[in-house]
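Step one of this worksheet: look at the structure below.
The values are calculated or read from the model by the stated rules, or taken from the named source; none is laboratory data. None of these values were measured; they are calculated from a predicted model. Methodologically, a virtual Cβ is constructed for each residue, glycine included, from the backbone with ideal geometry; neighbour enumeration extends over all protein chains shown. Protein only, heavy atoms only, side chains kept; ligands, DNA and RNA dropped before computing areas. Shrake-Rupley method; radii C 1.70, N 1.55, O 1.52, S 1.80 Å.
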Amino acid sequence: MSKVYPVDPENPNAEVINLAATVLRDGGIVVFPTETVYGIGAVADSCFGPHELFEIKVRPSSLPIPLLVETEDALDIWGSDVPDYAHNLAKAFWPGAVTLVVKASDRVPKDFRAPDGSVGLRSPKHEVVLELIQAAGGPLFTTSANTHGNPAPGAFDEIEPRIISHADVVLNGGETEHQVPSTVVVCTGPEPVIAREGAVPADEIMAAARGEA
C-alpha cells in the first residue's frame with residue numbers, strides 16, 4: 001500500500017526525504033511536489049523504476065520522460081554537443097521552470113531518448129526535489145503525476161487516486177507554486193525552439209538565449 005507523508009516545501013523533514021530516497025535507490029516510485037506541478041519519478045540509474053513510469057502514466061514509449069537534475073553541469077553529462085545558448089538558458093532559469101531538450105549522451109538509456117536522440121533536462125527550484133536528488137544519489141526520471149492526457153496536478157488533492165495507489169511513497173506538499181508545467185525549449189538546432197510555453201514566458205526565454213537576461 002502506498003504511504004503518504006506531509007512535507008514542507010521550504011523545509012522538508014530529513015527523515016521523510018531519506019525514506020523516499022531509500023525507496024528510489026531500491027528501484028521504487030515516488031510522487032512529489034515541484035514548483036510547477038506534481039511529479040512521479042524514479043532514480044535514473046535504476047534498472048526497474050523508470051520503466052514503470054510509462055506503465056503507471058499510460059504514456060506512449062515514443063514520448064520520453066525528462067530528467068530532473070541538480071545543476072547546469074548535468075547538461076554536459078546527460079547531454080551531448082550542447083549549444084552555448086542552452087547553457088545561457090540554464091544560467092538564467094535554473095533552478096527553475098524551464099526544461100531544456102538537448103541531444104542525449106550515451107549516459108541516457110536508449111529507452112529514454114526521443115526518436116531523434118534527445119532528452120529533456122530540468123533543474124527544479126524546489127527544496128524537496130533537490131534534496132531527493134542529493135539523497136537518492138542522482139537525477140530522477142520524472143513526469144507529471146497524471147494519466148497521460150489528463151491535466152497535470154498543481155495540488156496534492158488533484159492527483160488521481162490510481163496514481164497514488166501505484167506509487168511506493170507519496171509526498172504531500174499542498175499546492176505547487178506555479179500550478180502549470182514548465183516551459184519546454186528544444187536546444188538541438190542552431191537556435192532555440194519553444195515546444196511548450198508554460199511557467200516562463202517565451203519572450204523571456206528568447207532574450208536569455210541571446211544572452212540578454
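Observations, loosely collected:
- Pairs where the first residue, in segment 142-159, is within 22 Å of residue 49 (Cβ to Cβ) and the second is among the hydroxyl-bearing types (Ser, Thr, Tyr), C-beta under 6 Å, 6+ apart: 145/38; 152/144; 153/38; 159/38
- Scan of segment 85-132 for residues that are within 25 Å of residue 52 (Cβ to Cβ) and of a type in the set (Phe, Trp, Tyr), ordered by number: 112
- Of all residues in segment 75-111, those being within 22 Å of residue 61 (Cβ to Cβ) and aromatic (Phe, Trp, Tyr) number 1.
- The lone exception for residue 31 - which of (1) assigned to a strand (DSSP E or B); (2) open to solvent by 10 Å² or more (accessible area, probe 1.4 Å) it fails: (2)
- Filter pass, residue 100 being surrounded by 23 or more Cβ atoms within 10 Å (Cβ to Cβ) and in contact with a Cys (Cβ under 6 Å, 6 or more places away or on another chain): yes
- Residues in segment 103-139 that are polar (S, T, N, Q) and surrounded by fewer than 24 Cβ atoms within 10 Å (Cβ to Cβ) were compared, and the one that is nearest to residue 209 (Cα to Cα) is 118.
- Among the residues making up segment 150-194, a single one is exposed (fewer than 15 other Cβ atoms within 10 Å of the Cβ), under 27 Å from residue 45 (Cα atoms) and among the small types (Gly, Ala, Ser): 165.
- Conditions (1) at pLDDT 95 or above; (2) open to solvent by 10 Å² or more (accessible area, probe 1.4 Å); number of the one not met by residue 61: (1)
- Every residue from segment 160-202 that is part of a strand (DSSP E or B) and either touching a residue at least 60 places away in the same chain (Cβ under 8 Å) or not acidic (Asp, Glu) (or both): 169, 170, 171, 172, 183, 184, 185, 186, 193, 194, 195, 196
- Residue within segment 157-175 that is closer than 24 Å to residue 80 by Cα and in contact with a strand residue (DSSP E or B) (Cβ under 6 Å, 6 or more places away or on another chain) present: no
- Selected residue [open to solvent by 10 Å² or more (accessible area, probe 1.4 Å), of a type outside the set (Val, Ile, Thr) and touching a Gly at 6+ places or on another chain (Cβ under 7 Å)] from 45, 73: 45
- Selected residue (only one of 56, 77 is closer than 19 Å to residue 152 by Cβ and either touching a Leu at 6+ places or on another chain (Cβ under 6 Å) or not charged (D, E, K, R) (or both)): 56
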